[in-house]
1. Only one of these conditions is not met by Glu63: (1) crowded, with 16+ Cβ neighbours inside 10 Å; (2) over 20 Å from Val26 (Cβ atoms). Which number is it?
2. Select from region 344-362 the residues that are within 14 Å of Ala293 (Cα to Cα) and out of contact with any strand residue (DSSP E or B) (no Cβ under 6 Å at 6 or more places or on another chain) and list them in ascending order.
3. Just one of the numbered conditions (1) assigned to a loop (DSSP other than H, G, I, E, B); (2) more than 27 Å from Tyr23 (Cα to Cα) is not true of Leu61; which one?
4. Select the strands (runs of 3 or more DSSP E) contained entirely in region 82-197, then report the ones holding at least 3 residues which are surrounded by fewer than 20 Cβ atoms within 10 Å (Cβ to Cβ) and touching a residue at least 60 places away in the same chain (Cβ under 8 Å).
5. Within region 54-67, can one find any residue that is assigned by TED's automatic domain parsing to the domain that holds Phe192, more than 20 Å from the chain's Cα centre (by Cα) and closer than 26 Å to Ser324 by Cα?
6. Does Lys5 meet the test of being part of a loop (DSSP other than H, G, I, E, B) and either under 25 Å from Pro137 (Cα atoms) or modelled with pLDDT under 95 (or both)?
7. Somewhere in region 330-340, is a residue of a type outside the set (Ser, Thr, Tyr) and touching a Leu at 6+ places or on another chain (Cβ under 7 Å)?
8. Please state which one of Asn140, Asn154 is under 27 Å from the mean Cα position of the chain (by Cα), closer than 20 Å to Asp80 by Cβ and at pLDDT below 85.
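The values are calculated or read from the model by the stated rules, or taken from the named source; none is laboratory data. Since the model is a prediction, treat every value here as computed from it, not as a measurement. Positions of Cβ are generated from backbone atoms using ideal geometry, with glycine treated the same way; all protein chains shown enter the neighbour counts.
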Amino acid sequence: MTSNKIEINNKLWNGKDSETNYYGCVSLALSPSTSDMIIKVDADYNNNQIPEKPAGRMRGLWEEPYEVFEIFIASGTKEDYLEINIGPHGHYYIKMITKYGTDDNIILDSKPTFSMDKQKKKWTAVLTLPSMYLPEPDTNFDSSQPLAIKWYANANAIIGSGESREYFSAYPLVNSESDSNSSPNFHKPEMFQPILMEETEESRLTRLSSVTREKSFFGLRVSTAQSFSLPAGVSYNAGGGVFGFGTVTVESQVRETALKLKHDFRLISNTPLDKNYTKHFVDKEFSVLHGLAGKWKGLFSYKKRLLILTSKPRLMYFDPKNNSLKGIIPWAQGQPLKITKRSDKKFDIEIFDKSRTYFWTSLSHDGDSWITAISLLDSVINKK
């Protein structure tokens, strides 16, 4: 597993030297079997204040008086990027950032591992980022490596407090002397540098084997937002889970229809969803219909999945054994679904470009409920 290393060595965000002796680095590698990204941080420990919150996901790690190491990973186009914040005491925070807004609803199923050597003033962290959360890499560049893909990245660190608080960067984030005298700004993907990652045949097949791997969870959220045109003068908010419909006139119609369907199906879809599933919902999203279903692979076998139709609308499916998200069926304005009834329990969902069909058997209730709900919501967003 070949890794890329990005180092911070006493350089501030504006390219100037710091008087503080600070070193930190991040190693990035792809899992040879899954294409998940393995992120390892090795950094100096500055003994800043420890957060009062227990280890785990924490908003505001970048705020004073904490110290934080940040990794930025941008898509092949540099239009969309991921911000990963890691603190020395077991805290992390991840955000997806696009021109349509910010989504910070990412919670890792496997928490990062941390270690601290206070005597040597060093700390390390290892985080596994599922490939579905990665922005779209560049795969169409001239490379001698047939299994190479490319992202753009940077590493930053914030340490100290008060007038001594410093903002470090592996790569300078300024274009001119006037920029260097402004406030620190890590959010400049146009200045990130390329990282070349190697895949194995197995991991590439895994990445390309489903929509969530081929286009990524990140890409699906971006394309969903992108498919909705905004009225002149209206923009997306910059916080929370904003992907989906945003501020568009069709939102109220979809929500009204979703609420009615939720009421209609309240008797057959009355089991509450726990946070392992709802953590993947965006702002004000709720389940319209959910239940166990068999997702067929070939003619003779299927895998049991928890299928969820949400109010955005979205179709998400999970492995009920470990509560992990396995995929999202692409669906948005201008991207209608075709749903076909095969029997009382069986139905097929064909996506808009006809590149893929999902074959389902409803295990919790009749298939007509799914067909009715999906068809009605699709008719609202695509004006059928």
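1. (1)
2. Asp344
3. Unmet for Leu61, out of (1) assigned to a loop (DSSP other than H, G, I, E, B); (2) more than 27 Å from Tyr23 (Cα to Cα): (2).
4. Values: elements: 91-98, 101-103, 113-117, 122-129, 148-159, 166-169.
The qualifying strands (runs of 3 or more DSSP E) are 122-129.
5. yes
6. no
7. There is at least one residue in region 330-340 that is of a type outside the set (Ser, Thr, Tyr) and touching a Leu at 6+ places or on another chain (Cβ under 7 Å).
8. Details: Asn154 fails: at pLDDT below 85.
Testing whether each residue is under 27 Å from the mean Cα position of the chain (by Cα), closer than 20 Å to Asp80 by Cβ and at pLDDT below 85 leaves just Asn140.
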